[in-house]
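Trainee: Just dropping this structure here.
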Amino acid sequence: MIYFLATVAAIAGFLFGYDEGVIAVVRPSLDKDFPMGPLVAGFMTAAVPLGALAAAGLAGRIIDRFGRRRVLMAAAALFALGALIASAITAVWMLVLARLILGLAIGVAAVGAPLYIAETAPHRIRGALVSTYQLAITIGILVSYLTGLFISGDGTWRTMFGLGAVPGLLFLAGLAFLPESPRWLVLKGFPDDARASLRRLRAAGWPVDGELDEMVRSAQAQAGRKTGYRALLEPAIRPALIVAVGLFFLQQLSGINAVIYYAPQIFSHAGFDSASTQMLATVGVGTVNLLTTVLAMFLIDRIGRRPLLILGFAGASAAMLVIVLAVIEPTLVPSWVIIVVLLLYIASFAISLGPLPHVMMSEIFPLRVRGLGMSMASISNWGFNFIVVFSFPLMLAGPGLAFTFTIFAVICLGGIFFTMTRVPETTGLSLEAIETHCHSGRPLVTLKRGVAAGAAVAAEDD
Ligand code: BGC
């Protein structure tokens with residue numbers, strides 16, 4: 001059941017990825033029916049991240065209040081509605097409205113889906129299961145790129161927008177068969193329902209009492225503590241907030257969406273003139289992104305979050321610097337090297353900076369503020385996504401590609417420092433063990449050592 005749940009919840013990621021990628025490929029046919037000036041086009045494109053940004057702020061409260069599953073169902077229905085409106089519009093303002101609706105749905109689901117998976121997964125495979133969300137984002141991006149490669153011609157934008165309703169409806173139908181998060185049920189005071197949910201989630205005959213007791217004890221220990229946004233600033237929780245918001249800042253300022261949204265333009269700047277080479281290289285970007293995410297899912301619960309992050313930041317900044325060199329001194333670097341290096345950049349991203357912020361934001365907050373903490377992390381994700389996507393064309397036209405990529409490279413180097421000094425290792429720990437450490441007064445970054453030391457003391461006491 002847990003694998004089915006992760007697959008269904010991850011459809012939210014597919015919707016996110018499809019909408020990120022689709023706008024790049026529908027523009028030529030859309031422009032024929034609705035010619036748009038740069039300002040209107042920019043606003044229409046940015047409507048999804050803007051809607052998502054607005055929803056991210058509210059999502060935590062709604063999800064904590066009404067439950068993970070029910071809110072995801074509402075988001076799925078909203079998504080299908082937005083896709084259908086987008087395919088049927090008769091004026092540009094309607095498209096902006098439709099994309100705002102899509103953004104709202106994606107923004108809520110981007111908080112709810114990883115949270116729902118993390119709270120239902122057994123902790124040994126939690127990292128891999130939450131990463132299915134990122135995997136689905138990469139599939140969504142690739143599918144939209146490929147659809148753009150295969151479907152072209154007048155009016156095809158209507159089909160491409162309308163197709164988005166299909167995964168939206170599948171998401172809704174799948175959720176109807178799933179149980180609510182047992183942790184949320186415990187939080188709301190329904191331990192019997194939580195037990196029933198756990199029984200459905202675990203293999204038949206699997207004893208669930210130990211897991212349930214840990215959830216109940218943890219919720220009791222939290223009872224009476226503050227729950228609002230203010231609670232995020234308490235000394236016990238602030239370090240988690242810094243890690244979650246910081247990781248998404250670094251993820252976006254690594255320049256990933258400059259590459260995802262503008263890959264064909266980057267290839268043209270690097271000297272590849274033919275449109276078909278640019279499109280093929282773009283599909284290559286999508287494919288490497290997807291395949292490396294699969295590798296990340298395999299490694300995440302084995303070698304740990306921190307080593308993967310350091311590897312990813314180092315690889316991404318080295319790749320960016322080679323591209324800078326190629327742009328400044330084209331004679332030094334053959335042009336095919338640029339494609340290879342850009343793919344290495346994507347691989348470095350996908351093995352760490354892609355999945356890990358989503359995974360870690362769902363792990364490091366105590367249950368009573370998990371939804372709110374993830375809301376803040378998601379605001380960071382969409383806010384910086386918007387800033388990069390909006391400013392990248394201006395940066396290309398102004399200071400240029402080399403300068404912009406140097407900024408991304410330096411920020412990735414900063415990511416290594418941030419990981420070493422701030423990011424805790426959560427691999428293999430239950431959400432409750434992480435929560436206990438947060439309240440122990442010890443620095444968050446010492447999490448793994450702290451939990452091991454606590455376990456040793458408990459063993460001695462026994
Ligand atoms: C990011 C997106 C990005 C995608 C690329 C996600 O984790 O949040 O902004 O486009 O990865 O795969």
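Trainee: Taking the range 352-365, which residues are at pLDDT 90 or above and either assigned to a loop (DSSP other than H, G, I, E, B) or surrounded by fewer than 24 Cβ atoms within 10 Å (Cβ to Cβ) (or both)?
Mentor: 354, 363, 364, 365
Trainee: Also, I was wondering about something else. If you scan the range 121-133, which residues turn out to be of a type in the set (Gly, Ala, Ser) and either assigned to a helix (DSSP H, G or I) or within 16 Å of the ligand (Cβ to nearest atom) (or both)? Give the derivation first.
Mentor: Step one: filter the range 121-133 for residues of a type in the set (Gly, Ala, Ser), giving 121, 127-128, 131.
127, 128, 131 - these are the residues of the range 121-133 that are of a type in the set (Gly, Ala, Ser) and either assigned to a helix (DSSP H, G or I) or within 16 Å of the ligand (Cβ to nearest atom) (or both).
Trainee: Now, a different point. Quick one: how many residues across the range 183-218 are within 23 Å of the chain's Cα centre (by Cα) and not basic (Lys, Arg)? Break it down into steps so the answer makes sense when it comes.
Mentor: Narrowing the range 183-218 to residues within 23 Å of the chain's Cα centre (by Cα): 183-184.
Imposing the further condition that a residue be not basic (Lys, Arg) reduces the set to 184.
Total satisfying the criteria: 1.
Trainee: Moving on to the next point. Name the single residue, out of those in the range 300-313 being buried (at least 19 other Cβ atoms within 10 Å of the Cβ) and either in a helix (DSSP H, G or I) or of a type in the set (A, V, I, L, M) (or both), that is nearest to the ligand (Cβ to nearest atom).
Mentor: Of all residues in the range 300-313, those buried (at least 19 other Cβ atoms within 10 Å of the Cβ) come to 300-301, 305-306, 308-309, 312-313.
In the following step, the residues that additionally are either in a helix (DSSP H, G or I) or of a type in the set (A, V, I, L, M) (or both) were identified as 300, 305-306, 308-309, 312-313.
On the way: 300: 14, 305: 15, 306: 18, 308: 14, 309: 13, 312: 12, 313: 15 Å.
For the range 300-313, the residue satisfying everything is 312.
Trainee: If I go through the range 171-186 residue by residue, how many of them are part of a helix (DSSP H, G or I) and either touching a helix residue (DSSP H, G or I) at 6+ places or on another chain (Cβ under 6 Å) or surrounded by 22 or more Cβ atoms within 10 Å (Cβ to Cβ) (or both)?
Mentor: Number of matching residues: 9.
A quick yes/no check of all residues on (1) without any contact (Cβ under 8 Å) to a residue 60 or more places away in the chain; (2) at negative phi; (3) touching a Pro at 6+ places or on another chain (Cβ under 9 Å):
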| position | (1), (2), (3) |
| --- | --- |
| 243 | no, yes, yes |
| 261 | no, yes, no |
| 275 | yes, yes, yes |
| 296 | no, yes, yes |
| 317 | no, yes, no |
| 322 | yes, yes, no |
| 327 | no, yes, no |
| 340 | yes, yes, no |
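Trainee: Continuing with this model, one more query. Out of 353, 343, 325, 299, which single residue is touching a Leu at 6+ places or on another chain (Cβ under 9 Å), within 21 Å of residue 389 (Cα to Cα) and not aromatic (Phe, Trp, Tyr)? Give the steps one after another, and end with the answer.
Mentor: On the way: 343 fails: touching a Leu at 6+ places or on another chain (Cβ under 9 Å); 325 fails: within 21 Å of residue 389 (Cα to Cα); 299 fails: within 21 Å of residue 389 (Cα to Cα).
The match here is 353.
Trainee: I need the full set of residues from the range 362-397 which are within 17 Å of the chain's Cα centre (by Cα) and over 23 Å from residue 112 (Cα atoms), in order please.
Mentor: 387, 388, 389
Trainee: Being in a helix (DSSP H, G or I) and in contact with an Asp or Glu (Cβ under 8 Å, 6 or more places away or on another chain) is the filter here, so list the residues in the range 137-158 that pass it.
Mentor: The answer is 137, 140, 141, 144, 157.
Trainee: Go through the residues of the range 393-414 one by one and say whether even a single one is in a helix (DSSP H, G or I), within 30 Å of residue 218 (Cα to Cα) and modelled with pLDDT of 90 or more.
Mentor: no
Trainee: Within the range 192-296, which helices (runs of 4 or more DSSP H) (wholly inside it) include 2 or more residues that are over 30 Å from residue 421 (Cα atoms) and within 16 Å of the ligand (Cβ to nearest atom)?
Mentor: The helices (runs of 4 or more DSSP H) meeting that bar are 256-269.
Trainee: A follow-up question, please. Limited to the range 342-357, what total is found for residues that are away from the ligand (no atom under 11 Å from the Cβ) and within 15 Å of the chain's Cα centre (by Cα)? Even if it seems obvious, please write down each step before you answer.
Mentor: At the first step, the residues of the range 342-357 found to be away from the ligand (no atom under 11 Å from the Cβ) are 342-345, 347-348, 351.
Then keep just the ones that are within 15 Å of the chain's Cα centre (by Cα); that gives 351.
Within the range 342-357, residues that are away from the ligand (no atom under 11 Å from the Cβ) and within 15 Å of the chain's Cα centre (by Cα) number 1.
Trainee: Please go through the range 415-435 and give me each residue that is under 16 Å from residue 356 (Cα atoms), modelled with pLDDT of 95 or more and of a type in the set (S, T, N, Q), ordered by number.
Mentor: Result: 419, single match.
Trainee: Take the residues of the range 134-165 that are within 21 Å of the chain's Cα centre (by Cα) and away from the ligand (no atom under 16 Å from the Cβ): which is surrounded by the most Cβ atoms within 10 Å (Cβ to Cβ)?
Mentor: Looking at the filtered set, the residue picked out is 164.
The values are calculated or read from the model by the stated rules, or taken from the named source; none is laboratory data. Just so it is clear, the structure is predicted and the values come from calculations on it, not from any experiment. Positions of Cβ are backbone-derived with ideal geometry, glycine not excepted, and every protein chain shown enters the neighbour counts.
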